[in-house]
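Single-structure report; data block below.
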């Protein structure tokens, strides 16, 4: 499953504070579907890999079957 996400940087005292997901979509050849309401957009992800694992768990997929692209 292909996901497109729009990250929002998280302010932190640490050098890399991570990000939250502002918007999340899936897209096929015909349409783009907004999935933003199906996840907790306030969760601070440390990396895109962590987001990929979260999406795999949420949608019942294997992590290798989740393809991410930042918008």
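With the simple model of a label 7 Å out from the Cα in the direction of the Cβ, residue 49 to residue 22 spans 2.6 nm.
Placing dummy labels 7 Å off each Cα toward the beta-carbon, the span from residue 34 to residue 2 is 2.1 nm.
In the calculated pair-distance distribution of the chain, the portion above 15 angstrom amounts to 51 percent of the Cα-Cα pairs. Across the chain, C-alpha contacts under 8 Å between residues 6 or more apart give a mean separation that, scaled by the residue count, equals a relative contact order of 36 percent.
Most tightly packed first, judged by the mean number of other beta-carbon atoms within 10 Å of their residues, the peptides 38-51, 57-70 read 38-51, 57-70.
Coordinate-derived values only; no laboratory data. Source: prediction; values computed, not measured. In this analysis, Cβ positions are derived from the backbone assuming ideal geometry, glycine residues included, and neighbour counts consider all displayed protein chains.
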